[in-house]
Amino acid sequence: MPLPNNLWSEEILDVISTALLNQGYIVLEHALPAELVNRLQIEANKISDEAFAQAAIGRGPDQINDTSVRTDSIYWVNEPSETASSYLAYTEGLRQGLNSRLFLGLFDYECQYACYAPGAFYKLHSDSFPGRRNRILSSVLYLNTDWQPDDGGQLVLYAADEVSQLEIIRPQLNTLVLFLSERFPHEVLTARRTRYSLTGWFRV
Ligand code: OGA
Ligand code: MN
């Protein structure tokens, strides 16, 4: 495997850093090699409903399990497969590339697969809340082929006022969204088709 530093070009790391500095987020289409994203998509589809459901139950005492806020299911990547490890090499390359440009001091990355069954949503929230101030940069990689506007499930990023919509993002295969966790309240609109993503946080 190449060094993480070589997985992203200097040019793309510059583009990402500049966007994070100037607007605090970036939406990258065709972000990763198609072959890797296909494998991640297959892996997400293979996680059984039971595994997703158990993950939801076993979230731990600090986790809010309030179905009025979110009705997706999550599966933490605790023991990464070879496929997940390849993805983690990319996030590690990003971590190093962004640290050297923005001095964010990001020291690790945690991620989870998420599955939204038809009808599932995640209401307006922030990824950084008391007790979770260590989340600096949020990432979402989408794993859905041919996502149509009618399929719903868009990610909506809001300004700090929680009213002005900054961006409405289609959860299309290989689109990667990066945003500063504390600055952007966001929501996932109701999905009308099963929606998979790999969501993670760079932390300090
Ligand atoms: C989250 C989240 C966004 C998305 O899991 O915290 O906001 O588009 N996900 O899946
Ligand atoms: Mn979120």
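The values are calculated or read from the model by the stated rules, or taken from the named source; none is laboratory data. All figures in this text were calculated on a predicted structure; none of them were measured in a lab. Using ideal geometry, Cβ is built from the backbone for each residue, glycine included, and neighbour counts are taken over all protein chains shown.
Report yes if R135 is within 13 Å of ligand 2 (Cβ to nearest atom) and over 21 Å from I74 (Cα atoms), otherwise no. No: the conditions fail for R135. Among the residues of segment 187-200 satisfying the criterion of being in a strand (DSSP E or B) and farther than 28 Å from L13 by Cβ, which is nearest to ligand 2 (Cβ to nearest atom)? The qualifying residue nearest to ligand 2 (Cβ to nearest atom) is E187. The single condition from (1) more than 15 Å from ligand 1 (Cβ to nearest atom); (2) touching a residue at least 40 places away in the same chain (Cβ under 8 Å); (3) among the aliphatic types (A, V, I, L, M) that A160 fails is (2).
Can you find even one residue in segment 195-202 that is basic (K, R) and more than 9 Å from ligand 1 (Cβ to nearest atom)? Looking for residues that are basic (K, R) and more than 9 Å from ligand 1 (Cβ to nearest atom), one finds none in segment 195-202, hence no. Among the residues of segment 107-123, what is the count of those that are in a loop (DSSP other than H, G, I, E, B) and within 16 Å of ligand 1 (Cβ to nearest atom)? Looking only at that region, the number is 5. It is to be established whether one or more residues within segment 126-143 are within 19 Å of A31 (Cα to Cα) and β-branched (V, I, T). The answer is yes, given that some residue of segment 126-143 is within 19 Å of A31 (Cα to Cα) and β-branched (V, I, T).
Flag: G105 matches the condition of being more than 14 Å from ligand 2 (Cβ to nearest atom) and either at pLDDT 95 or above or surrounded by fewer than 17 Cβ atoms within 10 Å (Cβ to Cβ) (or both). Scan segment 115-124 and give yes if some residue there is within 16 Å of ligand 2 (Cβ to nearest atom), in contact with a strand residue (DSSP E or B) (Cβ under 7 Å, 6 or more places away or on another chain) and closer than 28 Å to N22 by Cβ, otherwise no. Checked segment 115-124: at least one residue is within 16 Å of ligand 2 (Cβ to nearest atom), in contact with a strand residue (DSSP E or B) (Cβ under 7 Å, 6 or more places away or on another chain) and closer than 28 Å to N22 by Cβ. Based on what the data block shows, is A53 surrounded by 12 or more Cβ atoms within 10 Å (Cβ to Cβ) and modelled with pLDDT under 95? Judged against the criteria, A53 is a match.
For (1) away from ligand 1 (no atom under 11 Å from the Cβ); (2) aliphatic (A, V, I, L, M); (3) more than 18 Å from L189 (Cβ to Cβ), each residue gets a yes or a no:
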site: S68; (1), (2), (3): yes, no, no
site: A84; (1), (2), (3): yes, yes, yes
site: Y87; (1), (2), (3): yes, no, yes
site: G105; (1), (2), (3): yes, no, yes
site: H125; (1), (2), (3): no, no, no
site: P130; (1), (2), (3): yes, no, yes
site: R133; (1), (2), (3): yes, no, yes
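Total residues in segment 125-156 satisfying the condition of being of a type in the set (F, W, Y) and under 23 Å from A19 (Cβ atoms): the figure is 2.
Based on what the data block shows, is V140 at pLDDT 95 or above and in a strand (DSSP E or B)?
Values: at pLDDT 95 or above: yes; in a strand (DSSP E or B): yes.
So V140 passes the test.
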